[in-house]
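Taking it in order: structure first as C-alpha cells, then the write-up.
The values are calculated or read from the model by the stated rules, or taken from the named source; none is laboratory data. The shown structure was predicted, so the numbers you read here are calculated from the model rather than taken from an experiment. As a convention, Cβ positions derive from the backbone with ideal geometry for all residues, glycine included, and neighbour counts pool all protein chains shown.
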Amino acid sequence: MVIGLTGGIASGKSTVAKTLANLGALIIDGDETAHHLMEPHQAAWEDIVQAFGREILNPDMTINRLKLSAMVFNDDGQLQVLNRITHPLVFGSFKSQIQQIEASQPEAVVIMDVPLLYEAHMDQLCDQVWVVWVDRETQIKRLMERNGFTRQEALKRINSQMPLDEKAKLADVVIDNSKNLEETIRTVTIYFKDIF
C-alpha cells in the first residue's frame with residue numbers, strides 16, 4: 001500500500017509523517033530525495049548549475065539552497081525551470097524506492113511524503129492520497145512564526161503551491177491539522193488503523 005502524503009508549506013505535514021512512522025509506516029521523504037539529487041555531481045546538480053549559474057554554489061560546490069529559493073520564489077518562470085529539472089528525477093527515484101520496498105516488504109505501508117505531490121503528478125504512484133489541511137490564515141501565521149517571514153514573504157511561498165482547499169477536494173483522506181497536536185495524532189491513528 002502506497003500513500004501519498006501532501007499538504008502545503010506550514011500545514012503540519014511533518015507532524016503527520018512522524019506520527020505515521022511511529023505507527024509503523026515506512027516514510028520516503030520527498031525533500032530528502034530532492035536534496036540528495038541536488039548534491040554535487042548527482043543527477044540534478046549539473047542541470048541546476050547550468051540553469052541558474054555558478055553563483056548559487058557554496059565554496060564546497062554544494063548548492064546554496066537559500067540563494068536558489070530566493071531566485072525561484074521571486075520568479076515563476078525560474079520556479080518552473082527548477083521544477084522541470086527536479087520533478088522527473090524525484091519521480092524516478094520514488095518509483096525505484098517503492099519497487100525495492102515492495103519486493104522486500106510486500107506488507108509494508110509506504111508513505112510518500114511530498115509537498116508538491118499533485119503539482120508533480122506523483123499521485124500516479126499512490127493507492128491513496130492523504131492531505132494535511134489547515135485554513136489559510138493559520139497557514140500564513142504558522143509560516144511567519146516558523147520562518148520569521150513577513151506576511152508578504154509567507155504569501156509568496158504559499159501562493160507558489162496549489163491551494164490546500166483544492167488539494168483537499170482531490171484527496172482520499174483529509175487530516176484537519178488546525179486543532180491541537182493530540183487531536184491530529186488521534187485522527188491520523190484512526191485513519192491508519194482503518195487501512196488494515
Q) What tally of residues in the range 37-69 results from selecting those that are within 21 Å of T6 (Cβ to Cβ) and surrounded by fewer than 17 Cβ atoms within 10 Å (Cβ to Cβ)? A) 2
**Q.** Residues of the range 19-36 that turn out to be buried (at least 18 other Cβ atoms within 10 Å of the Cβ), at pLDDT 95 or above and more than 27 Å from K141 (Cα to Cα), as a count
**A.** 2
Q: Among residues belonging to the range 86-125 that are over 16 Å from the mean Cα position of the chain (by Cα) and of a type in the set (A, V, I, L, M), point out the one that is surrounded by the most Cβ atoms within 10 Å (Cβ to Cβ).
A: V109
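If we keep just the residues of the range 32-67 that are of a type in the set (D, E, K, R) and not in a helix (DSSP H, G or I), which is farthest from V114 (Cα to Cα)?
This residue is D60.
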(Q) Give me the residue from the range 3-18 that is surrounded by fewer than 21 Cβ atoms within 10 Å (Cβ to Cβ) and of a type outside the set (G, A, S) and, out of that set, farthest from M162 (Cα to Cα). (A) K18
Q | The listed residue being under 30 Å from F192 (Cα atoms), part of a helix (DSSP H, G or I) and without any contact (Cβ under 8 Å) to a residue 60 or more places away in the chain, out of Q99, Q80 | A | Q99
Q) Can you find even one residue in the range 28-50 that is closer than 27 Å to Q152 by Cβ, aromatic (F, W, Y) and in contact (Cβ under 8 Å) with a residue 12 or more places away in the chain? A) no
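I'd like the full set of residues that are surrounded by 14 or more Cβ atoms within 10 Å (Cβ to Cβ) and either touching a helix residue (DSSP H, G or I) at 6+ places or on another chain (Cβ under 7 Å) or not in a helix (DSSP H, G or I) (or both), limited to the range 178-188. First the steps, then the outcome.
As a first pass, look at the range 178-188 and keep what is surrounded by 14 or more Cβ atoms within 10 Å (Cβ to Cβ): 178, 184-185, 187-188.
S178, T184, I185, V188 - these are the residues of the range 178-188 that are surrounded by 14 or more Cβ atoms within 10 Å (Cβ to Cβ) and either touching a helix residue (DSSP H, G or I) at 6+ places or on another chain (Cβ under 7 Å) or not in a helix (DSSP H, G or I) (or both).
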Q) Pairs, please: C-beta under 7 Å, at least 6 apart or cross-chain, first residue hydrophobic (A, V, I, L, M, F, W, C) and in the range 182-196, second in a helix (DSSP H, G or I)? A) I185/T19; V188/V16; V188/T19; V188/L20; F192/L20
Q) Can you tell me which residue in the range 37-65 is nearest to G77 (Cα to Cα), limited to those that are among the small types (G, A, S) and over 21 Å from the mean Cα position of the chain (by Cα)? A) A51
